[in-house]
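This report concerns only the one structure given below.
The values are calculated or read from the model by the stated rules, or taken from the named source; none is laboratory data. Every value quoted in this text rests on a predicted model; they were computed, and no experiment measured them. With ideal geometry, Cβ positions are generated from the backbone for all residues, glycine too; neighbour counts draw on all protein chains shown. Note: areas computed on protein heavy atoms with side chains; ligands, DNA, RNA excluded. Shrake-Rupley method; radii C 1.70, N 1.55, O 1.52, S 1.80 Å.
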Amino acid sequence: MMVTTVTLNPALDYHITLPGLAPGEIQWFSHSSFSPGGKGINVSLLLSSLGVETRALGIAAGFTGREIARLLEERGCPADMVFLEEGCSRVNVKLQTPGGEETAFNGPGPDIPPQAVAQLLGKLSTLGPEDVLVLSGSLPQGLPETAFPQLLEAQGAQLTQGEERYRVLGAQEVTLGGRRLFERALLERWVEV
């Protein structure tokens, strides 16, 4: 079994530690680092650190997208990105004070053309019946709110909870049995005829 995560709007996170935040003034920071970001990527990184077989799929662009993939591979997490010819993957700046308070500035991602989604679907076609698919994170510019449900439906997704079956319908946050399942999917219970 492999867990495949899909992050449609991956980010290059730039973490900065400041002694304090003084708006309008030049400030020097004591520590900085880059890391691959996005909710699906975070899931793959965690699973990889626990020894679970995983791969991080996504749509990336420009030098930031290449750096996201490089950092994933460096951390032992296989990256399988669709690379766009134009634009750059987003950069998120995370400012943290020594007290632990964080302020985030999240950038926009590239416009996603339909052919990139088709390439991503092609990568998903390699999933086996025992594999697990995780879709998570924000949607980039150019994709409709129904992108996650469409990706799930293209995989013939059937979600089960005990004896109940669900199908993907629309786009919103969903909880099932008190657990948050998707940020952008609406599930409807159905009974097979």
Out of all the residues in segment 89-126, which are open to solvent by 50 Å² or more (accessible area, probe 1.4 Å), closer than 15 Å to THR7 by Cα and assigned to a loop (DSSP other than H, G, I, E, B)?
PRO108, ASP111
Going by what's in this entry, would GLN141 be described as within 15 Å of the chain's Cα centre (by Cα), modelled with pLDDT of 70 or more, farther than 30 Å from LEU18 by Cα and not aliphatic (A, V, I, L, M)?
yes
Residue under question is LEU46, and the condition is that it be open to solvent by less than 30 Å² (accessible area, probe 1.4 Å) and over 18 Å from SER138 (Cα atoms); does it hold?
no
What's the total number of residues in segment 61-85 that are outside any strand (DSSP E or B), out of contact with any helix residue (DSSP H, G or I) (no Cβ under 8 Å at 6 or more places or on another chain), at pLDDT 95 or above and closer than 23 Å to VAL117 by Cβ?
7
Considering only residues of segment 55-69 that are surrounded by 24 or more Cβ atoms within 10 Å (Cβ to Cβ) and among the β-branched types (Val, Ile, Thr), which is nearest to the chain's Cα centre (by Cα)?
ILE59
How many residues are more than 28 Å from GLN141 (Cα to Cα), of a type in the set (Val, Ile, Thr) and either touching an Asp or Glu at 6+ places or on another chain (Cβ under 6 Å) or not in a strand (DSSP E or B) (or both) if we restrict to segment 1-43?
1
Is at least one residue of segment 31-39 at pLDDT below 90, more than 13 Å from the chain's Cα centre (by Cα), exposed (fewer than 15 other Cβ atoms within 10 Å of the Cβ) and not basic (Lys, Arg)?
yes
